[in-house]
Amino acid sequence: MQKHTRTAITAVAIAAALLPSALLADSVLKISNGDTTIELDRAQLDAMDQIAFETSTIWTDAISTFQGPSLQSLIALADIEDGAVTLSAINDYTITIPVEDITATAPIVATTIDGAAFSRRDKGPYWVVYPYDSGEEHQTEVTYSRSIWQLKSISREKDD
């Protein structure tokens, strides 16, 4: 194999290894309340108070540790205290959660699974997760439908 070919292959391998990290680093979560929009990158989300719990999910094969800020702490940054929030995914899937159903500990916006960031292919970079194994109240169709992955935005419309 010629030296230039080996160098090119090495460069491609390095770029491929760095690509998922670069994509995660550029992922921004937008939180809007009327005319106010806050944009948080991964580093800012990771700097917030974190909640971690172990749970199984209906979408994964084993019990995993999910960690991230609480959804309640994120909406508080945009002064969202009542009404409902709409969460949107990269693929335009949307769900609505009444603010009164969001607690200090559930759900969280997971930024890591088992201590590692996860890619879009693996439901990342952000996934709304409940502690499903902690009780029947987290094992309902409503809860599962609210467990949006590839989260890109959280919004509350301005009151008229």
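The values are calculated or read from the model by the stated rules, or taken from the named source; none is laboratory data. Please read all numbers here as calculations on a predicted model, not as lab measurements. Cβ atoms come from the backbone with ideal geometry, glycine included; neighbour counts cover every protein chain shown.
Checking every residue in the range 6-29 against the condition of being surrounded by 11 or more Cβ atoms within 10 Å (Cβ to Cβ) and at pLDDT 95 or above gives at least one match. The selection criterion, being modelled with pLDDT of 95 or more and more than 19 Å from Q150 (Cα to Cα), holds for I63.
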